[in-house]
Amino acid sequence: MERGARVVRSTADVCETDASAYWTDAVCSAFVPVRVRPTAPAPLHGRVEHVNLDGLGFTLVRSGAQRVDRTRTLIARGGGDDVLANIQLTGEGRVGQDGRRALLTPGAMALVDSTRPYTLEFTGPFSQLVVQVPRDRMARRSLARATAVALDPDGPARLVADFLVGLERRQRADPRAAASLVPHAAGLLDCAAGWAQEATPARASASALTRERVHDVLRRHAQDPRLDADTAAAACGISRRTLFRVLAEHGESFGALLRTLRVDHARRLLRAAPERTVASVAYACGFGGESQLHRAFRAVTGLTPGAYRAGAVLAADGTDRQ
């Protein structure tokens, strides 16, 4: 492709039955070989605009719910040794690499290394600018501690993200001016990689402490039927958004944690007081009623409350063998 020439590929150019395969081909052509899987029942639509500026790739992606995997098998087939900076423009995305997962909200940025497996997940419509830089253009060659770290839009990395987004826009209006600014892009991404690397231990520690606060609030107040994400977040001194983000970073969800704690309490009551009605146990544990307890109990234990209690009563030593 001619340097500076903009290439646009869109699923609007093909029939709907070919859209998914066409989209996978478009993504692989713009970046590196990956596996793309739609995660919504609706047909996958998308648009990619790619331009090469002095060896750096700038790709604007607009699409819908999907998962992208860069697997070891695909890496073995080749596809370059590049650093990709994913800048979230609209919607939300998750980036996973090197045992870390980062939630990207508009304005945030995260780096990935094309030579190691990574995943990208989008649960709804989104747009990203992805800047692809050959590793030999960056001074910082090792990125093992800098990948999949969300550089927040309210931190210094926002200056880097804004520069890259502005550079892509400037190329449309004034390609010559944009080309003169490209040499600064790799250096700025080196700075961003350094910030991500420094943030990794502190971010992990802060996230772990916040997670523990959330768990503590849930353990102490799970039986309160008024407990929800807003009240839990307020009790922890964080926002609802931060609560969900911290739990997601550890593979957890607020609803599942609360349900499990309430079911655990119900199990203790069913063992200790077999004469109690299931409805009274439900209310004592924070559930809205007997049917809600039944659904949660079966989801967590695989049993109904009645079957669980019968098994506990039959246990000769009174311990929970379920």
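Over the chain, with a Gaussian network built from C-alpha contacts below 10 Å, which listed residue (T304, T24, T71) shows the highest mean-square fluctuation?
T304
How tilted is helix 305-314 with respect to the longest principal axis of the chain? Cα atoms for both, answer in degrees (0 to 90, nearest 10).
50
On the protein heavy atoms, probe 1.4 angstrom, tell me the percent of accessible surface of the chain carried by carbon and sulfur. Show your work: numbers first, answer last.
On the way: 8150 of 15370 Å².
Of the solvent-accessible surface of the chain, carbon and sulfur hold 53 percent.
With each label point set 7 Å from Cα along the Cα-Cβ vector, what nm distance links D54 and T304?
For the pair D54/T304, the computed spacing is 7.2 nm.
Helix 157-173: angle to the longest alpha-carbon principal axis of the chain, degrees 0 to 90, nearest 10?
50
Return the tail of the calculated pair distribution for the chain, meaning the percent of Cα-Cα pairs more than 33 Å apart. Before the final figure, lay out the partial values.
Numbers: 21078 of 51681 pairs.
When every Cα pair of the chain is considered, 41 percent fall beyond 33 Å.
Quick one, what does Rg over Rh come out to for region 119-258 if you take C-alpha atoms and the Kirkwood Rh?
On the way: Rg = 19.6 Å, Rh = 17.9 Å.
Rg/Rh for region 119-258 comes to 1.09.
Any idea what log10 I(q)/I(0) is at q = 0.23 Å⁻¹ for region 213-307, Debye with uniform C-alpha scatterers and no solvent?
-1.10
Under the 0.36 nm per residue contour assumption, what length would be gained going from the current alpha-carbon distance of D136 and F163 to full extension? Please list the in-between numbers first.
On the way: separation 27, 0.36 × 27 = 9.72 nm, distance 2.10 nm.
Stretched fully, the D136-F163 segment lengthens by 7.6 nm.
Put a dot 7 Å past each Cα toward the Cβ at T115 and D18; how far apart are the dots in nm?
It is 3.8 nm.
The values are calculated or read from the model by the stated rules, or taken from the named source; none is laboratory data. Keep in mind it's a predicted model, so treat the numbers as computed, not measured. So basically every Cβ, Gly included, is an ideal-geometry build from the backbone, and we count neighbours across all protein chains shown. Surface areas here come from the heavy atoms of the whole protein model, side chains and all, with no ligands, DNA or RNA. Shrake-Rupley method; radii C 1.70, N 1.55, O 1.52, S 1.80 Å.
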